[in-house]
Amino acid sequence: MEKLYNYHTIFLIHHLYYIPQFISIAKELLKRDKQILFLLLAKDSPDKNQIAFDYCKKNGFNPYFYNEEDPIFNCDFLINGAHGFPSITVNYKYTASVIHGIGTKAGYYTDEQNKHDIRFVEGAQRVELIKQMFPDSDCKLYNVGFAKLDEAFTISEQDKLDMLQSFGLNPDKKTILYAPTFYPSSIEYMPGNFPTDFADYNIIIKPHFFSFEKKTYRHQVRKFNKWAKNDNVFLAGPELFNLVPFMTIADIMVSDESSAIFEFAALNKPVILNQNVRYRWTYRLFKSKIRKRMDGQMSQFKEVAQIIQNYKALQPIIKSELQNPNNKAEARKKITDQIVGLADGHVSERIVDIMDELLKP
C-alpha cells in the first residue's frame, strides 16, 4: 500500500462542496513542489463521494478516503474547512482554518474556530471583530482574502465563450446565474414558467449541493429538472459543484440567503437578493432560530444587492441592473473590502507564503 505519511499539507474534505475553497491553495502548493493530500471524510452519499475522489484524482490532489484503521498521517499543515475543530487522528505542526464559505453564519464566530493555530480570514473588519470577540485567543489571524475566488482571475474570455457553448447556451445573450441556497430558499416561490419569462436570456441554475444530496429537498430537484427542459437553461448537476466558473460567465446573479452574493459582488457584477424565501413553520414560530442560523451582521451587507420581495419584481430589476451594471459598484467595493478582503487572484499565494514563513527555523 502507498505510504500515507509526511505530507506538507492535508486538506480535510467533509463534503464535496468544500473542495472549491481549497483548489487554488492546492494548485499553488503543487506549483511549489509540496506534497499534499485531500483526505476525504466521505460524509456524503456514495455517488457524491466518488465525484469528489475522481475530481481530486484528475487534478493531481492525491485523494484518499479516511479510515480510522489507517496508519497515522503526518503533516506540517492540517487545513480544515468546517466550522468545528477536527477530531481525527492526524499529527500536524499547525492546524489552519479556511472556512468553506464567507463568514455569514453564526458558526464563523465561535471559540471552536479559535482552537486552530491559524485562521486565514477574509478582510480586515473580520479580523478586528474576531479579536474583539475573543481577546484571549492564541489563534493567529491572517487577513489574506477569499482563496476560492482566485480561480475567477485565471479564466480567459475564450474560456468563458467555450463554457457557454459547451452548456448549449447562446453567447449573444446575457446570462443570469440563479444560485439559491437549500434553506431558507427562494426556490419554492419561483414559478414553473421562470425560464419562459426570461426567454431572452441564458439561465444557469446552480443549486446548493444539499438540494441534490438530501431527500428533504427532492421537490427542489423536480423543479430544477422541469426548468432544464427549456432551451435557454443549463442545470449544473452535483458533479459541477464549483460555483466560481459559473460566476465568471454570468452577467448577473440571483440568490437568496447565501454568502454567494458576496462572492459575486466581489467580481463587481450586479446581484439580486431575493428575500421571498420559505421558512419552516418552526422558524416562523420561533424567530430566534432564524437569528441563530444567520450572522447578525448579514443585514448591513445586503447593500451590495438589489433586494426584491416577490417574483414579479424580478424581471424589471434584472433589466435595469443589466442596463446599469455600476449601480451598486461603490457599495460592492466597500463591502468587498470588509467581508471578502483583497480580491486580486493572489490570495492562495499569500497563504502559501505565510505557510513557508512559519516553517522557517
Legend entry - Count of residues meeting criterion [out of contact with any Lys or Arg (no Cβ under 7 Å at 6 or more places or on another chain) and part of a loop (DSSP other than H, G, I, E, B)] in region 226-242: 10
Legend entry - helices (runs of 4 or more DSSP H) wholly inside region 150-225 containing at least 3 residues that are in contact with a strand residue (DSSP E or B) (Cβ under 9 Å, 6 or more places away or on another chain) and touching a residue at least 24 places away in the same chain (Cβ under 8 Å): none
Legend entry - region 117-142 - residue that is part of a strand (DSSP E or B) and modelled with pLDDT of 95 or more and, of those, most open to solvent (accessible area, probe 1.4 Å): K140
Inset, instruction - Name, by its number, the condition in (1) in a strand (DSSP E or B); (2) open to solvent by 10 Å² or more (accessible area, probe 1.4 Å) that does not hold for F11. - result: (2)
Inset, instruction - Kindly indicate which of K27, K48 is of a type in the set (K, R), outside any loop (DSSP other than H, G, I, E, B), in contact (Cβ under 8 Å) with a residue 40 or more places away in the chain and open to solvent by less than 20 Å² (accessible area, probe 1.4 Å). - result: K48
Legend entry - Long-range neighbours under 8 Å by Cβ, at least six apart or interchain, first residue closer than 19 Å to A147 by Cα and modelled with pLDDT under 90 within region 254-274, second part of a strand (DSSP E or B) and open to solvent by 10 Å² or more (accessible area, probe 1.4 Å): S259/K105
Inset, instruction - Determine, yes or no, whether G145 is in a loop (DSSP other than H, G, I, E, B), surrounded by 14 or more Cβ atoms within 10 Å (Cβ to Cβ) and on the phi > 0 side of the Ramachandran plot. - result: yes
Inset, instruction - Being open to solvent by less than 10 Å² (accessible area, probe 1.4 Å) and in a loop (DSSP other than H, G, I, E, B) is the filter; apply it to region 243-279 and report the residue that is nearest to L161 (Cα to Cα). - result: A250
Inset, instruction - Test E122 against the stated conditions and say whether it is touching a residue at least 24 places away in the same chain (Cβ under 8 Å) and farther than 19 Å from I351 by Cα. - result: no
Inset, instruction - Collect the residues in region 207-242 that are open to solvent by 10 Å² or more (accessible area, probe 1.4 Å) and among the polar types (S, T, N, Q), keeping them in residue-number order. - result: T216, N225, N230, N232, N242
Inset, instruction - Please find, among L16, L78, the residue that is surrounded by 21 or more Cβ atoms within 10 Å (Cβ to Cβ) and modelled with pLDDT of 95 or more. - result: L78
Inset, instruction - Sort through K302, K333 and tell me the only one that's part of a helix (DSSP H, G or I) and open to solvent by 40 Å² or more (accessible area, probe 1.4 Å). - result: K333
Inset, instruction - Run I102 past the list (1) modelled with pLDDT under 95; (2) open to solvent by 50 Å² or more (accessible area, probe 1.4 Å) and report the number of the one that doesn't hold. - result: (2)
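The values are calculated or read from the model by the stated rules, or taken from the named source; none is laboratory data. It should be emphasised that the depicted structure is a prediction, and the values quoted were computed from it without experimental measurement. Cβ coordinates were reconstructed from backbone atoms using ideal geometry, including for glycine residues, and neighbour counts include every protein chain displayed. The protein model used for the area step is the full one, side chains on, heavy atoms only, and it has no ligands, DNA or RNA in it. Shrake-Rupley method; radii C 1.70, N 1.55, O 1.52, S 1.80 Å.
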